[in-house]
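> Below is one structure. I have some questions about it.
The values are calculated or read from the model by the stated rules, or taken from the named source; none is laboratory data. These numbers were taken from a predicted model, which means no experiment stands behind them. Using ideal geometry, Cβ is built from the backbone for each residue, glycine included, and neighbour counts are taken over all protein chains shown. All accessible areas refer to the heavy atoms of the entire protein, side chains included, with ligands and DNA or RNA removed. Shrake-Rupley method; radii C 1.70, N 1.55, O 1.52, S 1.80 Å.
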Amino acid sequence: RHFLAFARVMVDRLILGAAGKEAFRMSENGVNYIIDTSKQGKGMLMVTAHLGNYDVGGGILAGRLGAPLAVVAFQNEVAQVRQLIDKFTGPVPKLLAVGNSELAALDILHALRDGYVVAIQGDRTVDSRVARVPFLGEQASFPIGPFILAAMSGCPVIVTFGVQVGPRQYEFVADPPRTYRFERGKPRDQQLEEWVRGYAGRLEEMVKKHPYQWFNFYDFWASPS
């Protein structure tokens, strides 16, 4: 059932490229948070996950954002992401590659400060900078990078997911925007862990609702080496 759900998502990505977002029915819950925040010109982080279909889910935002869009992808996935994006009509998102050097964080920070809406996945680690927090009954590693970037830039963060609820039918969920700032006199590691814990808890809620649509196919709960 898990692999079947993954196959359906892959097929829908092809349909999106061939027929566009009009081929899907979408229900929206909180998408106005993304659109309204994007128009403030302060930059914004959309933190999503390997849950459901972020390509189809994000398709409903085409032409509705009040700022340019940048998508964070792993270096070895950039070509695949670009091939998919080239199928779209409208403005082409900027691609920001991670996993190849420490300079990737600077590229993301510059994009945020230039007012971009930056889409990043919060459930895949790219380096050793992680927080171990509870997730579905065990401790798991989550990246702290998105929250460091949010605190450094001062930009709002919106957690968002796009999940399949039927054939060619999706639900797009977005939470209210939050800002993160380091407090003086409190260890930064502790603050980052609290922020990551909040995101992991929200992701856990969604995974429990859609357990076969979480597509992290590796030992997610493994202890760090």
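> Where in the chain are the DSSP H helices whose C-alpha atoms run 24 Å or more along the long axis and whose mean Kyte hydropathy is at least -0.5?
Values: long enough: 2-19 (25 Å, 1.27); 188-209 (32 Å, -1.32).
Helix filter hits for the chain: 2-19.
> Evaluate E = 1/(1 + (r/R0)^6) for Asp189 and Lys94, where r is the Cβ-Cβ distance and R0 equals 45 Å; express this FRET efficiency to the nearest 0.05.
Values: r = 31 Å, r/R0 = 0.69.
It comes out at approximately 0.90.
> Sticking with this structure for a sec: What whole number of Å gives the distance from the Cα centroid of the range 120-135 to the Cα centroid of the range 140-213?
11
> Cβ neighbours within 10 Å, averaged per peptide: list 30-41, 7-18, 138-149, 192-203 in order, most packed at the top.
Numbers: 30-41: 16.8, 7-18: 14.8, 138-149: 20.3, 192-203: 18.6.
Packing proxy ranking, top to bottom: 138-149, 192-203, 30-41, 7-18.
> Another question, if that's okay. What is the range 101-225 by shape, rounded, prolate or oblate, if you read a ≥ b ≥ c off the alpha carbon gyration tensor as root eigenvalues and call it rounded for a/c under 1.5, prolate for a/b larger than b/c, and oblate otherwise? Spell out each step's value before the answer.
On the way: a/c = 1.68, a/b = 1.25, b/c = 1.34.
The shape class here is oblate.
> Quick one: pull the percent of accessible area on the chain belonging to carbon and sulfur, 1.4 Å probe, ligands and nucleic acids left out. Kindly include the intermediate steps, with their values, before the conclusion.
Working: 6020 of 11660 Å².
Result for the chain: 52 percent of the exposed heavy-atom area is carbon or sulfur.
> Roughly what would the spin-label model give for Met152 and His210, points 7 Å off Cα along C-beta, in nm?
Rounded to a tenth, the inter-label distance reads 3.1 nm.
> In the chain, with Lys and Arg counted as +1 and Asp and Glu as -1 at Cβ, which of these residues, Leu4, Gly166, Leu95, has the Cα nearest the positive end of the dipole, that is, farthest along it?
Gly166
> Which entries in the list Lys21/Lys208; Lys21/Lys94; Lys39/Lys208; Lys94/Lys186; Lys21/Lys42 go over 30 Å, if you measure between the two C-alpha atoms of each?
Numbers: Lys21/Lys208 27 Å; Lys21/Lys94 20 Å; Lys39/Lys208 33 Å; Lys94/Lys186 36 Å; Lys21/Lys42 28 Å.
Listed pairs above 30 Å: Lys39/Lys208; Lys94/Lys186.
> If you don't mind, there's one more thing I want to ask. Given the DSSP H assignment, sum -39500 (n - 2.57) over each helix run of at least 4 residues in the chain and divide by its residue total; what's the result at 222 nm in deg cm²/dmol, nearest 500? Before the final figure, lay out each step's value.
Values: 7 runs with 82 residues, N = 225.
Counting only the DSSP helices, I get -11000 deg cm²/dmol.
> Oh, and also: With a Förster radius of 30 Å, plug the Cβ-Cβ distance of Arg132 and Ala19 into 1/(1 + (r/R0)^6) and report the FRET value to the nearest 0.05.
Working: r = 43 Å, r/R0 = 1.42.
About 0.10, to the nearest 0.05.
> For a Förster distance of 22 Å, can you work out the FRET efficiency between the beta-carbons of Ala62 and Gln40, rounded to the nearest 0.05? If you can, show how the numbers build up before the last one.
Values: r = 20 Å, r/R0 = 0.89.
FRET efficiency, Ala62 to Gln40: 0.65.
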